[in-house]
Amino acid sequence: MLTRRSFLLASATGASVALTGACTPGARIEPRAGTDQVEFPMRAAESEVDLGGLAVRTWTYTGTVPATEVRLRRGHTLRAPVANTLPQETTVHWHGLAIPNAMDGVPVLTGPAIATGGEFTYEFAVPDAGTYYLHSHVGTQLDRGMYGPLIIEDPEDGADYDEELVVVLDDWIDGTGTDPDQVFKKLQADGMAPMAPGGPGVSPTTPLGADGGDVTYPYYLINGRTITDPQVVDYRAGQRIRLRIINAGADTAFRVGVPGVALRVTHTDGFPVVPQQTDSVILGMGERADAVVELRSSAPVIAAAYGKDGYAQLNMRVGGASSTVDAAAFVAELRRQAPLNTATLAPDPAVALPARPVDTSVDLALQGPVAPYAWPINGKLYDPPRDGIPLKAGSRVRMRYLNQTSMYHPMHLHGQTFQVVGGPRKDTVLVPPKQAVEVDFDTDNPGRWIVHCHNDYHLNAGMATFIEY
Ligand SMILES: [Cu+2]
């Protein structure tokens, strides 16, 4: 019997999908034949990487940016021995997966980090299908090259598309004369520039307000390539492509679109939604969206940095023809659009949380910046293992994110996924400036679980707390 997997491999050798470029992340890991276990060894190491006309020294898990794609099927077991050769301790966090606490990769809360010269083996069964990613949860390592896609297939995948394309977005500064540790030190030394008064507030076309972020990046990447030498993927006219879009950036939200082609958004943060057509979608750091596009001619995927200059690009090529799209003009068009916020989607009924009364409400007031550079929650900076929020196992919790700041914060909960009140199942949700977002979840996976802003610099500046039960 031909599985979808072997079909994809067969069609790839039939050249319907040709990956070009020397540094594509397409060398994917498969389960060992006859087993359900995927072995994925990683070596955290300083690496020389070509980002498409830009050679940098950075830190990686597999010698590439992004890390080699991990792809397995729901219920499979992932076994990942990680050796750390970096001059700092490190971990791997499996973003979005509700797995045992000791495998979550958050220092202090879930276990010790992997020391320099040390090793640790992560091993767990993957509970839910969908588009996920892995990244370091130590310091500013996420803003180096320490991230990669983690794709979990459902046996029923593939009914409404022909091919898949993983699209990993990133903001890049490491190895360009500075590194993320120096960037963070500079933010602390300089303090925050005062907010420009009278900038645009939150509106349909500026859904995250005026403040795009704290870091100015020289480059934006899709699948580890700058716009100078983007990845090119070949298709045939009429093919339906499932884009699995992952925002692996540290301080940048992206507006994502394909010129002249509608996106049919089918999933967010791994979970299926009632499909929604849109011209563009906005993704905060840590968020994912799956969207099916039907290609009639060559077209790029464009990701415009929100509130910042610059964009990232990947080229989908049909019939070998170059796209005639003016990327810069499309970026300007993206900035005029009202992008879809995935938090407004309706869940697929199969994954909606069952209705039940809320047992406990937790308010998290998002605050800052406090001079010189701190972002508190409820007046406190992250200080594990102190100041956790005790909860009861087996309860329905409503968490209210109250953003009192002038910047957006993508809030991420570990260990269990939530349902946005009135919206879809997710693990990361954008909280626009001066607005509140409510999410519900069930305490069904005991442990100490961090809740934090997925802006990596805000996290390092204290914007986190944790629940425990
Ligand atoms: Cu934040």
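The values are calculated or read from the model by the stated rules, or taken from the named source; none is laboratory data. Worth saying up front: this structure is predicted, and the values here are computed from it rather than measured. Cβ atoms come from the backbone with ideal geometry, glycine included; neighbour counts cover every protein chain shown.
I'm trying to understand the selection: among the residues of segment 131-162, which are surrounded by 24 or more Cβ atoms within 10 Å (Cβ to Cβ) and assigned to a strand (DSSP E or B)? The answer is THR131, TYR133, LEU134, HIS135, TYR147, GLY148, PRO149, LEU150. Within segment 88-121, being touching a helix residue (DSSP H, G or I) at 6+ places or on another chain (Cβ under 8 Å), in a strand (DSSP E or B) and surrounded by fewer than 22 Cβ atoms within 10 Å (Cβ to Cβ) holds for one residue alone: GLY111.
State whether the residues of segment 50-62 include one that is in contact with a helix residue (DSSP H, G or I) (Cβ under 8 Å, 6 or more places away or on another chain) and either crowded, with 18+ Cβ neighbours inside 10 Å or of a type in the set (A, V, I, L, M) (or both).
Yes, segment 50-62 has at least one match.
Give the residues of segment 338-352 that are part of a loop (DSSP other than H, G, I, E, B) and buried (at least 16 other Cβ atoms within 10 Å of the Cβ), sorted by residue number.
PRO339, LEU345, ASP348, listed by residue number.
With the condition kept exactly as written, say whether any residue in segment 328-340 is in contact (Cβ under 8 Å) with a residue 12 or more places away in the chain, more than 16 Å from the ligand (Cβ to nearest atom) and under 30 Å from ASP154 (Cβ atoms). Yes, there is a match, as at least one residue in segment 328-340 is in contact (Cβ under 8 Å) with a residue 12 or more places away in the chain, more than 16 Å from the ligand (Cβ to nearest atom) and under 30 Å from ASP154 (Cβ atoms). Every listed requirement among (1) over 21 Å from PHE271 (Cβ atoms); (2) aromatic (Phe, Trp, Tyr); (3) not in a helix (DSSP H, G or I) is met by PHE124 save one, (1). Given the structure, is ASP383 among the charged types (D, E, K, R), under 20 Å from HIS414 (Cβ atoms) and away from the ligand (no atom under 16 Å from the Cβ)? For ASP383, the condition - among the charged types (D, E, K, R), under 20 Å from HIS414 (Cβ atoms) and away from the ligand (no atom under 16 Å from the Cβ) - is met. Counting only residues that are within 22 Å of the chain's Cα centre (by Cα), not in a strand (DSSP E or B) and not aliphatic (A, V, I, L, M), how many does segment 221-258 have? The total comes to 8. Taken over segment 45-75, the residue count meeting the criterion of being over 18 Å from PRO180 (Cα atoms) and without any contact (Cβ under 8 Å) to a residue 60 or more places away in the chain is 3. Annotation: of all residues in segment 388-399 being of a type in the set (D, E, K, R) and under 16 Å from LEU353 (Cβ atoms), the one that is nearest to the ligand (Cβ to nearest atom) is ARG398. Criterion applied to GLY388, GLY415 was being of a type in the set (Gly, Ala, Ser) and surrounded by 23 or more Cβ atoms within 10 Å (Cβ to Cβ), and the one residue passing it is GLY415.
Considering segment 439-469, the residues that are among the β-branched types (Val, Ile, Thr) and under 18 Å from the mean Cα position of the chain (by Cα) include one that is nearest to the ligand (Cβ to nearest atom), namely VAL451. The strands (runs of 3 or more DSSP E) located wholly in segment 367-469 include none with 3 or more residues which are in contact with a strand residue (DSSP E or B) (Cβ under 7 Å, 6 or more places away or on another chain) and on the phi > 0 side of the Ramachandran plot. Sub-6 Å Cβ pairs linking a first residue in segment 356-383 that is outside the structural domain of ASP214 (by TED's automatic domain parsing) to a second residue that is among the basic types (Lys, Arg), at least 6 apart or interchain, are ARG356/ARG396; VAL358/ARG396; VAL358/ARG398; ASP359/ARG396; SER361/ARG398; ASP363/ARG400, ordered by first then second residue. Taken over segment 353-366, the criterion of being outside any loop (DSSP other than H, G, I, E, B) and either out of contact with any Lys or Arg (no Cβ under 6 Å at 6 or more places or on another chain) or within 16 Å of the ligand (Cβ to nearest atom) (or both) is satisfied by THR360, VAL362, LEU364, ALA365, LEU366. The selection criterion, being in a helix (DSSP H, G or I) and within 15 Å of VAL256 (Cβ to Cβ), does not hold for VAL325.
The set of residues from segment 442-464 being crowded, with 22+ Cβ neighbours inside 10 Å and of a type in the set (S, T, N, Q) comprises ASN455, ASN460. Scanning segment 418-438 for residues that are away from the ligand (no atom under 16 Å from the Cβ), in contact (Cβ under 8 Å) with a residue 24 or more places away in the chain, of a type outside the set (Asp, Glu) and surrounded by fewer than 24 Cβ atoms within 10 Å (Cβ to Cβ) turns up GLN419, VAL420, GLY423. Within segment 60-69, not a single residue is more than 22 Å from the chain's Cα centre (by Cα) and assigned to a strand (DSSP E or B). Within segment 212-220, at least one residue is of a type in the set (Ser, Thr, Tyr), within 18 Å of the chain's Cα centre (by Cα), more than 27 Å from THR344 (Cα to Cα) and at pLDDT 95 or above.
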